[in-house]
1. Expressed in nm to one decimal, what extension gain is obtained for the pair Leu196 and Leu35 from 0.36 nm per residue of sequence separation less their Cα-Cα distance?
2. So what's the Cα pair-distance distribution over the chain, bin width 10 Å, in %?
3. Mind checking the per residue accessible area of the stretch 103-197 for me, 1.4 Å probe, whole number of Å²?
4. With charges only on Cβ, +1 for K and R and -1 for D and E, what is the dipole size of the chain about its Cα centre, in debye, rounded to 20?
5. Keeping to pairs on different chains or 8 or more places apart, tell me how many lysine pairs in the chain have Cα atoms under 22 Å apart.
6. Given the rule -39500 (n - 2.57) for each run of at least 4 DSSP H residues, summed and divided by the residues of the chain, what is its mean residue ellipticity at 222 nm, to the nearest 500 deg cm²/dmol?
7. Quick one: with all protein chains in place, what share of the accessible area of the chain is carbon or sulfur, to the nearest percent (1.4 Å probe)?
8. Per-residue counts of other Cβ atoms within 10 Å, averaged by peptide: what ranking do you get for 132-140, 68-76, highest first?
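The values are calculated or read from the model by the stated rules, or taken from the named source; none is laboratory data. A quick note: this is a predicted structure, and the numbers were derived from the prediction, not measured. Here the Cβ positions follow ideal geometry from the backbone for every residue, glycine too, while neighbour counts run over all protein chains shown. What goes into the accessible areas is simple: the full protein's heavy atoms, side chains included, and nothing from ligands, DNA or RNA. Shrake-Rupley method; radii C 1.70, N 1.55, O 1.52, S 1.80 Å.
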Amino acid sequence: MNPDTFHLPIAFDIVAAFFFALTGCLAGIRRNYDLVGVLALAGICAVGGAVIRDGVFLQTDLPAVVKDPRYLYSILVAVVIGRILGDRIERFGRFLAVIDAVGLAAYAVFGTQKAILHEVSPTVAIVIGVINACGGGLIRDIITREEPLVFKPGQFYVLAAFAGATLFVTLTAFTPLSSFVAGVIASVACVVFRLLAIRLNWKTRTFYAVKSISS
């Protein structure tokens, strides 16, 4: 597969960082964190997955979030918006689901294409894209001492990221679509899949149900 076909604008990454930062900010507000706590949680959600992508798997010289100040700006803007909407959180349940789905989709697609640019196989690129999309939430749960949501049975989340990343690779490899068009289609499909899972309550199941032994 030719990595030159996988150039996507960095806007995909910045948009994902912004939306995840907003979800992190609102999560911090729910926990009654102060400004430092809200900023930290927003930052972790925004760039946690990208840092894992760049620092662990791709091992670039410096993670993109350190080299480009636009990531920091997106986090600060998200916190300001989150502060404005903070007292209305309960009214924005569906809105939060949408912005989380958009962030998930954008990170899954951009993480996949960045891995391809580093000449890893398409299969490994998809895995890195999924980790990119879900890594921030995983770190957030660990820091806030909650059992990671991605490990528990629930509405399709990791599977939605996997679907978006896989569709992006498939469209770019087997159709004449440009990487941008393929990225948009894959992102929209990921968002729709995630929102349908919420709407229709599609859920994963436990891998193995242990039966209790009655005495």
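1. Taking Leu196 through Leu35 to full extension adds about 54.5 nm, to one decimal.
2. All Cα pairs, binned at 10 Å, distribute as 9, 34, 35, 16, 4, 1, 0 percent.
3. 43 Å²
4. 760 debye
5. Lysine pairs satisfying the spacing and distance rule in the chain number 4.
6. -22500 deg cm²/dmol
7. 66 percent
8. On the way: 132-140: 25.4, 68-76: 17.6.
Answer by packing, highest mean first, reads 132-140, 68-76.
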